[in-house]
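Please read the structure below before turning to the comments.
The values are calculated or read from the model by the stated rules, or taken from the named source; none is laboratory data. Remember, predicted model here, so these are calculated numbers, not experimental data. Ideal geometry is used to build each Cβ from the backbone, glycine not excepted, and the neighbour counts take in all protein chains shown.
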Amino acid sequence: VGITVEAADKLTAAGRKVRVVSMPSTDAFDKQDAAYRESVLPAAVTARVAVEAGIADYWYKYVGLNGAIVGMTTFGESAPA
């Protein structure tokens, strides 16, 4: 989360409206009622970026077609050779 907050701070300083949402459990988030999910990830906000230390494919559900994901796309590259 730290690097994401740093990026948000820089974007805010540059005049952008930014907020960081930490979602440690997507299962817990998905079980919340629609009003809560909308308050966290408003449908009107389509400029979204997910940052994931692991495999990132799952996050498309939350960023949508216009969003971006920063994460791993292959296996094993972070380990020493």
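Within the span defined as the range 27-50, every residue fails to be loosely packed, with under 10 Cβ neighbours inside 10 Å, part of a loop (DSSP other than H, G, I, E, B) and within 11 Å of the chain's Cα centre (by Cα). Could you tell me whether D30 is among the charged types (D, E, K, R) and at pLDDT below 95? Criteria not met by D30. Being touching a strand residue (DSSP E or B) at 6+ places or on another chain (Cβ under 6 Å), surrounded by 12 or more Cβ atoms within 10 Å (Cβ to Cβ) and not in a strand (DSSP E or B) is a property that holds for T4.
Scanning the range 51-81 for residues that are assigned to a loop (DSSP other than H, G, I, E, B), surrounded by 13 or more Cβ atoms within 10 Å (Cβ to Cβ) and at pLDDT 85 or above yields a total of 2.
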